[in-house]
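Only one structure is covered here, and it is reproduced in the block below.
The values are calculated or read from the model by the stated rules, or taken from the named source; none is laboratory data. Quick caveat: nothing in here was measured; it's all calculated off a predicted structure. Ideal geometry is used to build each Cβ from the backbone, glycine not excepted, and the neighbour counts take in all protein chains shown.
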Amino acid sequence: HEDGPGPVLEVSGLDVHYGRGRKRRRALHGVTLDIAPGEAVGVIGETGSGKSTLARTVLGLVPTSAGSIRIAGEDVSGYGPRQWRDLRRRGVIQYVFQDPLRSLDPDLTIEDSLVEPLLIQGVRREEAALRARSFLDRVHLTTDLLARLPGELSGGQRQRVSVARALVTGARLVILDEPVSALDSANRVQVLEILKELRASGVALVFISHDLGSVAGTADRIAVLHQGELVETGTAH
Ligand code: ATP
Ligand code: MG
């Protein structure tokens, strides 16, 4: 993927609804957010404010009812499920979900989860396996986990594997929904350090958390979601 000069993510006037008929409820309203290459934006807000909905929408997993989304200059608003899947599999956009089990395929070994996106990008298997090991090392996991399935890991191990998976592809935009919520404080510090290194290397991050403390040191800007609306943005420092 080309490194254009423009924003890596442009969200404009986004509305999202869940349900239909009398059960139709608005989850996001008029959300507008631009992220430049290498910029880290923290999105905070109380439970139910729409943070995960914003993450899922930007990943093409929830349909929009108004507004537009551009990713790396591509207008993805009219994309169908296959085009979205291609975008994610090519590694243009990567993610760590709030529930780390959902970030990982339950039937793939940890090694295959890390290697698969690289094979799709045309990396040779041996090289892909080497890179997978080095990223596991970066999140301080031991290589004996490679042969295991996600269900055989602890919540914190899974969360770190899903961070490693998001990094291994070299994506320009990584969406992280509560990436440190299941970690103890030592591991939390380590993962936050990795996120800082990534930002320094030019990767754009959307870092979602209900906890201002964990995003404040990592994000350049903070956006606050309140009842589906982005009410305030400012610098974190
Ligand atoms: P938390 O901090 O608890 O993770 P959140 O900010 O991520 O909360 P969302 O999961 O985005 O909140 O939910 C926003 C609103 O949309 C809530 O009112 C929620 O009940 C509703 N909602 C979320 N997912 C669905 C769904 N699949 N179907 C219907 N309503 C949903
Ligand atoms: Mg959430």
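Is it fair to say Ser134 is buried (at least 18 other Cβ atoms within 10 Å of the Cβ), among the small types (Gly, Ala, Ser) and either more than 16 Å from ligand 1 (Cβ to nearest atom) or in a helix (DSSP H, G or I) (or both)? Break it down into steps so the answer makes sense when it comes.
Numbers: buried (at least 18 other Cβ atoms within 10 Å of the Cβ): no; among the small types (Gly, Ala, Ser): yes; either more than 16 Å from ligand 1 (Cβ to nearest atom) or in a helix (DSSP H, G or I) (or both): yes.
The answer is no for Ser134.
Return the residue satisfying two criteria in turn: it lies in the range 182-211 and is over 14 Å from the mean Cα position of the chain (by Cα) and within 16 Å of ligand 1 (Cβ to nearest atom), and of such residues it is nearest to Ser162 (Cα to Cα).
Ala182
Would you tally the residues in the range 171-193 being farther than 22 Å from Ser49 by Cβ, among the β-branched types (Val, Ile, Thr) and surrounded by 19 or more Cβ atoms within 10 Å (Cβ to Cβ)?
The number of residues fulfilling the criteria is 1.
Testing Glu197 on (1) over 19 Å from Tyr95 (Cβ atoms); (2) surrounded by fewer than 19 Cβ atoms within 10 Å (Cβ to Cβ); (3) more than 16 Å from ligand 2 (Cβ to nearest atom), one condition comes back false. Which one is that?
(1) is the only condition that Glu197 fails.
Which of the residues belonging to the range 27-82 are touching a residue at least 24 places away in the same chain (Cβ under 8 Å), in a strand (DSSP E or B) and charged (D, E, K, R)?
Within the range 27-82, Asp34, Arg70 qualify.
Do you know which residues across the range 83-122 are buried (at least 18 other Cβ atoms within 10 Å of the Cβ), in a loop (DSSP other than H, G, I, E, B), away from ligand 2 (no atom under 16 Å from the Cβ) and among the hydrophobic types (A, V, I, L, M, F, W, C)?
The answer is Val92, Leu104.
One line per residue, one yes/no per condition, for (1) modelled with pLDDT of 90 or more; (2) more than 16 Å from ligand 1 (Cβ to nearest atom):
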site	(1), (2)
Val16	yes, no
Arg70	yes, yes
Asp75	yes, yes
Val96	no, no
Leu104	no, yes
Asp112	yes, yes
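Scanning the range 212-223 for residues that are without any contact (Cβ under 8 Å) to a residue 40 or more places away in the chain and within 16 Å of ligand 1 (Cβ to nearest atom), which turns out surrounded by the most Cβ atoms within 10 Å (Cβ to Cβ)? Working first, answer last.
So the first thing to find is which residues in the range 212-223 are without any contact (Cβ under 8 Å) to a residue 40 or more places away in the chain, and the list is 213-214, 217.
With the extra rule that they be within 16 Å of ligand 1 (Cβ to nearest atom), the set shrinks to 213-214.
Details: Gly213: 9, Ser214: 23.
The selected residue is Ser214.
Check off (1) under 27 Å from Gly234 (Cβ atoms); (2) under 15 Å from the mean Cα position of the chain (by Cα) for Ala27 and give me the number that stays unchecked.
(2)
Looking at the range 177-187 only, could you name the residues that are at pLDDT 85 or above and in contact with a helix residue (DSSP H, G or I) (Cβ under 7 Å, 6 or more places away or on another chain)?
Asp177, Pro179, Val180, Asp184
Can we say Val163 is buried (at least 22 other Cβ atoms within 10 Å of the Cβ), away from ligand 1 (no atom under 16 Å from the Cβ) and among the β-branched types (Val, Ile, Thr)? Outline the logic, then answer.
Numbers: buried (at least 22 other Cβ atoms within 10 Å of the Cβ): yes; away from ligand 1 (no atom under 16 Å from the Cβ): yes; among the β-branched types (Val, Ile, Thr): yes.
For Val163, the condition - buried (at least 22 other Cβ atoms within 10 Å of the Cβ), away from ligand 1 (no atom under 16 Å from the Cβ) and among the β-branched types (Val, Ile, Thr) - is met.
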